[in-house]
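The values are calculated or read from the model by the stated rules, or taken from the named source; none is laboratory data. All of these numbers come straight from a predicted model, not from anything done at the bench. Positions of Cβ are generated from backbone atoms using ideal geometry, with glycine treated the same way; all protein chains shown enter the neighbour counts.
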Amino acid sequence: MNRPSIPKAVREKLHDEYDHRCAVCGGDRPHIHHIDEDSSNNDLHNLLPLCPNCHLRDQHNPTRSFDIPKLALFRKFKDPFILKPQFHPLYNRQLFLEGVESDDFDIETVGEKIDELIDFIKMFEMGDFYSKKIKGQIDAPIKTFVGFLGAGPDPSYERQKREAKEKHIEKLRMNKNYAQELLIELLRYQKWENS
């Protein structure tokens, strides 16, 4: 199989961004890894320099599935704790944010997922502060509606409900990156071992 080569300018820009070191451990002689595993996608944000050890351990370990969205989050925020096992429960609870760009995003179940994420964040060091900040970024602009006619469905209620859902999806799309940035920032205040 003939893999397309990464353009020299892109390779150089990537290596300069990471100071010619592995993005995970800082090791020498990094390989260039395609996050989405598509060797023809040479977009700079789809590439990560990984030393031979990290490349083998993280990508080619047959006993562990490779989580492409988590690696993309690591690429975006460059915080090694994203790849640590301690982050995984928090990562799983914020995964619904990844789907917000999809046309078939299920807004009906988002309230429960937001509540679970916020409750989980509260358990962390600095959790009260970050749970309030993140909730402000992703919670529904309007929580509930009261409105019906005794004789049948109220068309204005249905319209308001639909508009509220659309506003919430738009709010999630606009604030997703900042909410994720706050989650990553929260990691810096934890007293976890760096293993």
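When residues of segment 132-162 are filtered for being under 26 Å from the mean Cα position of the chain (by Cα), at pLDDT 75 or above and within 22 Å of ASP106 (Cα to Cα), how many remain?
Within segment 132-162, residues that are under 26 Å from the mean Cα position of the chain (by Cα), at pLDDT 75 or above and within 22 Å of ASP106 (Cα to Cα) number 7.
Name, by its number, the condition in (1) modelled with pLDDT of 85 or more; (2) surrounded by 15 or more Cβ atoms within 10 Å (Cβ to Cβ) that does not hold for ASP58.
The failed condition is (1).
Quick one: in segment 77-90, which of the residues that are touching a residue at least 40 places away in the same chain (Cβ under 8 Å) and not aliphatic (A, V, I, L, M) is nearest to TYR18 (Cα to Cα)?
So the residue we want is LYS78.
Confirm whether VAL110 is in contact (Cβ under 8 Å) with a residue 40 or more places away in the chain and among the hydrophobic types (A, V, I, L, M, F, W, C).
Yes, satisfied.
Can you tell me which residues in segment 70-124 are touching a strand residue (DSSP E or B) at 6+ places or on another chain (Cβ under 8 Å) and in a loop (DSSP other than H, G, I, E, B)?
If the condition is that a residue be touching a strand residue (DSSP E or B) at 6+ places or on another chain (Cβ under 8 Å) and in a loop (DSSP other than H, G, I, E, B), then no residue fits.
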